[in-house]
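Engineer: Have a look at the structure that comes next, please.
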Amino acid sequence: MLAGQLALVAAAAFGGAAIYINLAEQPARLMLDDQALLAQWKPAYKRGFAMQATLAVVGGVLGMLAWWQSGGVAWGIGAAVLLANWPFTLLGIMPTNHRLQAIAPESAGAESRALIRRWGMLHAVRSALGAIATLLFVAASLG
């Protein structure tokens, strides 16, 4: 079923990107001084949000379509897990994002560094949701 396979691809791309951010990009940016840290985070966040938001919606919708076509519960659960990134981002991460966006890079300091550390921990939830959705779609594909 094509919808399911495309859902798996989108979930894997979402999860892979999210995990990359947590394991590679975030630790590297935290090695920068406070001003460079914030200056790097802002455009990286903007681009990453656009990519990951799209992948979450596309993968979630395709997963629901696969669930509707096959009746396989794992497709539906995987779609729900992948789509859960939206409310989690809006309710859990957005307040931190807004605080960071309001800080000018030349005003960066201990507060912005602490917020970016917090952002990384919150983003790890998105990594977990992406990995779980991917595993559910793999299980659905095999079952």
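The values are calculated or read from the model by the stated rules, or taken from the named source; none is laboratory data. Bear in mind that the values here come from a model prediction, so they are computed numbers and not experimental data. Positions of Cβ are backbone-derived with ideal geometry, glycine not excepted, and every protein chain shown enters the neighbour counts.
Engineer: So, of the residues in the range 102-143 that are closer than 16 Å to Asp34 by Cβ and under 19 Å from the mean Cα position of the chain (by Cα), which turns out to be surrounded by the most Cβ atoms within 10 Å (Cβ to Cβ)?
Structural biologist: Ile116
Engineer: While we're here: Take the conditions of a type in the set (A, V, I, L, M, F, W, C), touching a helix residue (DSSP H, G or I) at 6+ places or on another chain (Cβ under 9 Å) and at pLDDT 95 or above and apply them to Ala24. Does it pass?
Structural biologist: no
Engineer: Going residue by residue through the range 89-102, is there one that turns out to be of a type outside the set (Phe, Trp, Tyr) and touching a residue at least 60 places away in the same chain (Cβ under 8 Å)?
Structural biologist: Yes, there is a match, as at least one residue in the range 89-102 is of a type outside the set (Phe, Trp, Tyr) and touching a residue at least 60 places away in the same chain (Cβ under 8 Å).
Engineer: Okay, next question. Of the numbered conditions (1) under 19 Å from Ala10 (Cα atoms); (2) surrounded by 19 or more Cβ atoms within 10 Å (Cβ to Cβ), Trp41 fails exactly one; give the number of that condition.
Structural biologist: Trp41 satisfies all of (1) under 19 Å from Ala10 (Cα atoms); (2) surrounded by 19 or more Cβ atoms within 10 Å (Cβ to Cβ) except (1).
Engineer: Residues that are closer than 13 Å to Ala133 by Cα: list the helices (runs of 4 or more DSSP H) wholly contained in the range 5-89 that include at least 3 such residues.
Structural biologist: 34-70, 73-83
Engineer: Right, here's the next one. So in the range 59-101, with the set limited to residues that are within 16 Å of the chain's Cα centre (by Cα) and small (Gly, Ala, Ser), which one is nearest to His123 (Cα to Cα)?
Structural biologist: Gly92
Engineer: Now for a different question. Limited to the range 1-26, what total is found for residues that are buried (at least 21 other Cβ atoms within 10 Å of the Cβ) and farther than 28 Å from Leu37 by Cα?
Structural biologist: Residues flagged as buried (at least 21 other Cβ atoms within 10 Å of the Cβ) and farther than 28 Å from Leu37 by Cα within the range 1-26 amount to 5.
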